[in-house]
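These notes concern the structure reproduced below.
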Amino acid sequence: MSNGQQTAEQPVTDVYCLFAGAIDQLAVQRFNNLIAITTQGGAKHIHMLFQSTGGFIGDGVCIYNLFHACPIELTLYNVGSVCSAGVIAYLGAENRKISQYATFMVHRSYISPAMATTERLSSAAGQMTLDDERVESILKLHTKLPTEKWEAHKFADVWLSAKEAETAGIGTIGEFAVPLGTKLFNVWPA
């Protein structure tokens, strides 16, 4: 306000938000809402701090596709660890930043066979094969993992430092920084 007259509030062009949580159906819903509300509000760029220990492959693939189709610019920042299905979701963003202290972890799908019948194990093996194929397809599309990492991926968790992830094309080194006075939004409320 100046001289008693109101001025129109400037639209928010950059939205800063925080996500730390599992990759599951609730995360899918939260990201759907975030993108819908942000685009309807006229924002042009979402900056998201992203931290996840992983979750369900189907939900990771869904979030990957949602991030990939986001109609506005989306930048994800790995500020700690992004693991398992979280890596798949993370790769959906066009812009990916990695804190110098961040790590990534990928592995093949697995189940707990407790209380399983032979029929359920057989069915689960088929599903795990499908999951492994789609995860590896997304990883190969977006990364250049060295041969020794692909070999280790067949039987173990594969961890990457920030520098290794940058070399593999997962993202570029860069820190999450919020301009002073900017409102932060929590995608995963406590």
Relative contact order (percent) for region 13-82, with alpha-carbon contacts under 8 angstrom and 6 or more residues of separation?
-> 42 percent
What percent does the relative contact order of region 65-190 come to when contacts are Cα pairs within less than 8 Å and at least six residues apart?
-> 32 percent
Going from the fewest other Cβ atoms within 10 Å to the most, one would list Thr75, Thr117 as Thr117, Thr75
Given 20 °C, 1.002 mPa s and a Kirkwood radius over Cα pairs, the Stokes-Einstein diffusion coefficient of region 82-190 in µm²/s is 134 µm²/s
Specify the inter-centroid distance of region 132-159 and region 47-104, based on alpha-carbon positions, in whole Å.
-> 16 Å
Helix 57-69 versus the longest principal axis of the chain: what angle, 0 to 90°, nearest 10, using Cα atoms?
-> 40 degrees
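Give me Lys144, Lys97 sorted ascending by neighbouring Cβ count inside 10 Å, so fewest comes first.
Lowest to highest Cβ neighbour count: Lys144, Lys97.
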Just tell me which lysines come within less than 24 Å, Cα to Cα, of Lys183; anything on the same chain fewer than 8 places away is out.
-> Lys44, Lys97
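I need the Kirkwood Rh of the chain: take the reciprocal of the average 1/r across all distinct C-alpha pairs and report it in angstrom.
Result for the chain, one decimal place: 17.9 Å.
Rule-based calculations on the coordinates, nothing more; no lab input. Given the structure is predicted, the values throughout are model-derived calculations rather than measurements. Heads up, the Cβs are rebuilt from the backbone with ideal geometry, glycines too, and the neighbour counts pull from every protein chain shown.
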